[in-house]
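K.L.:
This is the structure I want to talk about, given as C-alpha cells.
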Amino acid sequence: MKDGNSLFFRHSQQSGESVKMSEAYFFDTYALIEIIKGSKNYEKYKDAKVVTTLLNLMELHYSTMKEFGKENALMFFNELRGFMIEFGETDIINANYFKHKQGSNISYVDALGYVLSVKNGVKFLTGDKDFENVDGVEFVRG
C-alpha cells in the first residue's frame, strides 16, 4: 500500500455524465488492486477516468480486507463508490452469453464488467490472462 494516502484515483464518474471518453477505462478488480498496490505498470492509469461496478467493489473489499485490514478495505470501498455504473437484466444476460462464448474460466463479475465496457465505449482494463487476446481489452500485467 502506498504511504497511507487514500487518494489512489484522481477522476470519478459524476452523476449523469457520459463515460464515453477516450481516457476512460472500465477497471476490473485486478486493475483496481494493482493501482492500490502502486504497480508501476498501472501508474499511467491513475489519471484515467475510472468506471467499475458495485460487484467489483465487493471483490475489491474482500481482497483488500485480507491484505490491508478491515479499516483500509472500507476506505478503498468508500473512495471508489463514486466510480460505479449501474447495470440491468439485459447486461446480466449479455454477460452470460459472453462468458459462455469465452469459456468458463472468466468470472461472472468480469464477464459483466467486459459487457458494460463495450456498452459504454470504454476499454476493459485488466491483467487477467483470460482477457489477454480479447477485443476491447487493455491487457496489463501487474
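The values are calculated or read from the model by the stated rules, or taken from the named source; none is laboratory data. Keep in mind it's a predicted model, so treat the numbers as computed, not measured. No Cβ is skipped: glycine too gets one built from the backbone with ideal geometry, and neighbour counts run over all protein chains shown.
K.L.:
Name the single residue that is nearest to Asp91 (Cα to Cα) among those in the stretch 117-130 being of a type outside the set (Val, Ile, Thr) and touching a Phe, Trp or Tyr at 6+ places or on another chain (Cβ under 6 Å).
P.N.:
As a first pass, look at the stretch 117-130 and keep what is of a type outside the set (Val, Ile, Thr): 117, 119-121, 123-125, 127-130.
Filter once more, so that each one left must be touching a Phe, Trp or Tyr at 6+ places or on another chain (Cβ under 6 Å): 117, 123-125, 127-128.
Values: Ser117: 11, Lys123: 17, Phe124: 15, Leu125: 18, Gly127: 22, Asp128: 21 Å.
Across the stretch 117-130, the extreme among qualifying residues is Ser117.
K.L.:
Show the residue pairs that are 6+ apart or on different chains and have beta-carbon atoms under 6 Å apart, the first residue being within the stretch 82-97 and farther than 11 Å from Thr53 by Cβ, the second being surrounded by 13 or more Cβ atoms within 10 Å (Cβ to Cβ) and of a type in the set (A, V, I, L, M).
P.N.:
Asn94/Val115
K.L.:
How many residues are in a helix (DSSP H, G or I), over 24 Å from Glu132 (Cα atoms) and out of contact with any Leu (no Cβ under 9 Å at 6 or more places or on another chain) if we restrict to the stretch 65-94?
P.N.:
12
K.L.:
Being at pLDDT 90 or above and small (Gly, Ala, Ser) is true for just one of Gly16, Gly4, Gly38. Which residue is that?
P.N.:
On inspection, the qualifying residue turns out to be Gly38.
K.L.:
Here are Tyr114, Tyr97, Tyr62: which of them is under 13 Å from Phe27 (Cα atoms) and in a helix (DSSP H, G or I)?
P.N.:
Tyr114
K.L.:
Identify the single condition in (1) more than 15 Å from Ala48 (Cβ to Cβ); (2) part of a helix (DSSP H, G or I) that Ser104 does not satisfy, given that it satisfies every other one.
P.N.:
(2)
K.L.:
Still on this structure, I have one more. Could you please let me know if Glu59 is among the acidic types (Asp, Glu), touching a residue at least 40 places away in the same chain (Cβ under 8 Å) and touching a helix residue (DSSP H, G or I) at 6+ places or on another chain (Cβ under 7 Å)?
P.N.:
yes
K.L.:
Within the stretch 28-56, how many residues are farther than 15 Å from Arg141 by Cβ, in contact with a Lys or Arg (Cβ under 7 Å, 6 or more places away or on another chain) and crowded, with 19+ Cβ neighbours inside 10 Å?
P.N.:
Residues that pass the stated criteria total 0.
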